[in-house]
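What follows is a single structure, written as structure tokens, with notes after it.
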């Protein structure tokens, strides 16, 4: 069968770019060419371009793997998103990407774009662990592989922070404005975090560069939300049936999509609000809502699935007593949130329960369980500390931590940057205090939780 490309004749009911792709100019570099970006930021950008055309084509960069870059090149930058709901499947072809690069194969091309004044925004979805954030200091972790390399070889970056700093240095040397850095990863106050890391690396390199970035740059915070399962053969078969052509980059996703952005940009931006994005004075209340309600409950569901041998979150939600655990966690989390402008939290939580249970979305538990040590601080540990400081017991969050550790013990493995530490702790379980070996892992749990004996006892109770 024919492969999706710019020459493909698509069925008339398939949504596609409403603008002339030949006239689209680069304006955004996106680092992290994964499924989430393709089903989220690129979708918003296409919708914005459909309503208000401008020089906002995306240059997609993958730092290491060439596979998605090669697949995108083979399809002239086109791919499809199939939105799956109870009523029907609807496919849309996205064409907002104008160039694609594997940084590991062509570092110089990435740097040339970063130094080009046409690139006015750099967005990122590289996962929490890729930034090299030190859990104790909040700054750069000099032992992180990419951070260590970028500090030693600043003109040959390999990590996202290194590319940002070198790109900004090139622009300063050329007398250009900086680009706006828009982090779209699940980090609390993500713009502030990335700004701190960029300034940390820049300061070690050249204090004058750090001052320039601090004074002239922009790092707005954002909150992103959409469930995007990993693609499977069934995903591609479904897209083929809808499109009439093959699509190696096809994705399934849910109807829900949300993007909250602080409106602080150095040199303009697309009209993302035309695609439904929310521009807010502060994104942090929305971030906290999403991280603690959606992501925290996802962590619970994922590990319940592993414990009960259930493949996807929809399978977990199909078990009434397990679905009830998810609802109890949502209810217990609400008191830890700040007021969220324009959001009805009861409606939002009901939406979440429906999204988790969507029978058409195969979101695998082991996929959600990836990198839990990187995700638990913002989803579970911080709200626990806040509740304990007010004299509460934080039992709901201890429950999730206990379920996580119980799932590690059952599976006998985990996909995590601290895998060796976690598995070593699992081999040294003390039956009288089963969480003790995990709490002894340096830097894993905050000292407030290590010292909270009552909270640790609740973790132990949920590991039984």
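The values are calculated or read from the model by the stated rules, or taken from the named source; none is laboratory data. Keep in mind that this is a model prediction, so the values were computed, not measured. Glycine also receives a Cβ, built like all others from the backbone with ideal geometry; neighbour counts cover every protein chain displayed.
Okay, residues lined up against (1) touching a helix residue (DSSP H, G or I) at 6+ places or on another chain (Cβ under 9 Å); (2) at pLDDT 95 or above; (3) outside any helix (DSSP H, G or I); (4) surrounded by 20 or more Cβ atoms within 10 Å (Cβ to Cβ):
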| site | (1), (2), (3), (4) |
| --- | --- |
| 29 | yes, yes, yes, yes |
| 50 | yes, yes, no, no |
| 68 | yes, yes, no, yes |
| 71 | no, yes, no, no |
| 76 | yes, yes, yes, no |
| 80 | yes, yes, yes, yes |
| 91 | yes, yes, yes, yes |
| 101 | yes, yes, yes, yes |
| 104 | no, yes, yes, no |
The strands (runs of 3 or more DSSP E) lying entirely within region 238-298 that contain at least 1 residues which are more than 23 Å from residue 217 (Cα to Cα) are 251-253, 258-262
How about region 4-27: which of its residues are part of a loop (DSSP other than H, G, I, E, B) and within 13 Å of residue 58 (Cα to Cα)?
24, 25
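Yes/no per residue for (1) more than 18 Å from residue 226 (Cβ to Cβ); (2) assigned by TED's automatic domain parsing to the domain that holds residue 177:
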site	(1), (2)
265	yes, yes
269	yes, yes
304	yes, no
348	no, no
354	no, no
358	no, no
Scan of region 163-181 for residues that are closer than 22 Å to residue 102 by Cβ and either outside any helix (DSSP H, G or I) or under 19 Å from the mean Cα position of the chain (by Cα) (or both), ordered by number:
163, 164, 179, 181
Restricting attention to region 54-73, the residues that are in contact (Cβ under 8 Å) with a residue 40 or more places away in the chain and under 22 Å from residue 246 (Cα atoms) number exactly 4
Kindly provide the set of residues from region 140-157 that are surrounded by fewer than 16 Cβ atoms within 10 Å (Cβ to Cβ) and touching a residue at least 40 places away in the same chain (Cβ under 8 Å), ordered by number.
156
Can you pull out the residues in region 373-408 that are on the phi > 0 side of the Ramachandran plot and crowded, with 23+ Cβ neighbours inside 10 Å?
394
Listed residues 274, 324, 302, 233; which is out of contact with any helix residue (DSSP H, G or I) (no Cβ under 8 Å at 6 or more places or on another chain) and closer than 30 Å to residue 91 by Cα?
233
Take the residues in region 239-263 that are in contact with a strand residue (DSSP E or B) (Cβ under 8 Å, 6 or more places away or on another chain) and without any contact (Cβ under 8 Å) to a residue 60 or more places away in the chain; name whichever of them is surrounded by the most Cβ atoms within 10 Å (Cβ to Cβ).
260
Scan region 437-449 for residues that are outside any loop (DSSP other than H, G, I, E, B) and surrounded by 15 or more Cβ atoms within 10 Å (Cβ to Cβ) and jot them down.
437, 438, 439, 448, 449
If residue 295 satisfies every condition in (1) in contact (Cβ under 8 Å) with a residue 12 or more places away in the chain; (2) farther than 23 Å from residue 335 by Cα but one, which is the exception?
(2)
Note down all Cβ pairs under 6 Å where the first residue falls in region 168-197 and is without any contact (Cβ under 8 Å) to a residue 40 or more places away in the chain, the second is part of a loop (DSSP other than H, G, I, E, B), and they're at least six residues apart or on different chains.
195/219
